[in-house]
Amino acid sequence: MEGQRNHTEDERSFMRRAIALAQKGIGYADPNPLVGAVIVREGRIIGEGWHARYGEAHAERNALAACTEDPRGADIYVTLEPCCHQGKQPPCTQALIDAGIARVFIGSSDPNPLVAGKGVAQLREAGIEVIEGVCKDECDEMNKIFFHYITHKTPYVILKIAMTADGKTATRAGLSKWITGPESRRHVHMTRKRCMAIMIGIGTVLADDPSLTCRIEDPRDPIRVICDTNLQIPMDSQLVITARKIPTYIATCSADSRKAAALRELGVNVLEMPSADGRVDLRALMRRLGSLGISSVLLEGGAALHEAALRAGIVQHVQTYIAPKVFGGVSAKPAVGGLGVYEVGEAYRLTPASVSRLGDDVLLEYDVEG
């Protein structure tokens, strides 16, 4: 394919620098992708930039603006194919053409139908050499959320489970603080920062009265989404009383218009949803959230919601934190509830796990096979 070739170690090094810059936009760029850019002349970096926040300048324009010398004739390394359409920002392809950039090294192709190869074509038509696929796997991995959202118009859903070595998420008394250690909990809050929204079921609200905030340095609180089929949420719950500070959505099938109106008066967004199996239709909810511009959801619900989400086929990724503890007991809560599958062949299939150590805990990460 045109523009595809073996890449040098220097080229991969500059692209990895662009990847590191792109990650500075985590929690702020979405629903846009994470993008970094590095401008190089004769082996020297003369400008760097990243997409810092949704609605603000893109990485390429920030890198051009930061140049310490005229970029004419220089190379640019950018983690994602430059945009060629007018959105909240003007097209980056034109900025690169106007700046006289000689070569453009690209990590990922952009699946957005408004771009999808058109950016590369426009650059080549202007006489700019384009080299594609530099550190492609790393660049693609960084924007899995954006790629899913832009192609499916629904959020990328991460199912988070914190459990003991014997698969329990609470003792038989319902106690779960704290199963995992501080390193795992910090990692969860980093994921909360990256995801646009966090979703739980009404059972978790009634049991824990959570705030669902992000508690790390430089936090970004996610939008809160509560699946509450019968609109049972207490009016004095933390989620309700802070709804004017942090956007909060309640998905319900209830016809209780009086309570819905009272919640809206307090700043809660009440989403009236169709039902499926007597509960909120999760597939319909994902379509609704996608239409609201929510590109990713961290699912931290209880066992019942976890099972319903897997059964509905809305989960793309699973993060399982395993603590070196055993609770035991048939009445201790499992990670996934419901009746479960009947046949072994009916199991929800996951890709082979990546494994990380977080203090004394182990983190297993899987993609859900579609």
Only Cα pairs within less than 10 Å get springs; with that Gaussian network setup on the chain, which residue of G302, G359, G293 has the largest fluctuation? G359
Mean-square fluctuation check for the chain, GNM, Cα pairs under 10 Å: which of F14, F147, F327 is largest? F327
Of the residues R61, R215, R44, which exhibits the maximal mean-square fluctuation in a Gaussian network model of the chain defined by a 10 Å Cα contact cut-off? R44
What is the set of long-range amide H partners of V270 at a cut-off below 5 Å, with H atoms built 1.01 Å from backbone N? I250
What ³J(HN,Hα) values, in whole Hz, does the Karplus curve 6.51 cos²θ - 1.76 cosθ + 1.60 give for region 331-339 when θ = phi - 60°, with x put for Gly and Pro? 9, 5, 6, x, 6, 10, x, x, 6
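Can you compute the charge dipole magnitude of region 210-350 about its Cα centre, using +1 on each Lys and Arg Cβ and -1 on each Asp and Glu Cβ, nothing else charged? Give it in debye, rounded to the nearest 20. Spell out each step's value before the answer.
Values: 16 positive and 14 negative charges, 39 e Å.
That gives a dipole near 180 debye.
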The pairs in K177/K245; K24/K259; K118/K144 lying past 32 Å Cα-Cα in this model are K24/K259
Taking amide H positions as placed 1.01 Å from N in the peptide plane, with prolines and chain starts having none, which residues 5 or more places from S108, or on another chain, fall under 5 Å of its amide H? L80, E81
As straight-line cross-link partners of K136, the qualifying aspartates and glutamates (C-alpha separation under 17 Å, not fewer than 8 residues apart within one chain) are E2, E9, D10, E11, E81, D110
For region 7-58 and region 219-291, distance of Cα centres in Å: 37
For region 208-224, in residue order, the Karplus 3J(HN,Hα) values (coefficients 6.51, -1.76, 1.60; θ = phi - 60°; whole Hz; Gly and Pro = x) are 10, 6, x, 9, 6, 8, 9, 10, 9, 5, 6, x, 9, 5, x, 4, 9
With all protein chains present, how much of the accessible area of region 112-249 (probe radius 1.4 Å) comes from carbon and sulfur, to the nearest whole percent? 53
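The values are calculated or read from the model by the stated rules, or taken from the named source; none is laboratory data. Keep in mind that what you see is a predicted model, and the values were worked out from it rather than measured. Cβ sites come from the backbone with ideal geometry, for glycine too, and all protein chains shown count toward neighbours. In case anyone asks, the SASA skips ligands and DNA or RNA and just uses the protein heavy atoms, side chains included. Shrake-Rupley method; radii C 1.70, N 1.55, O 1.52, S 1.80 Å.
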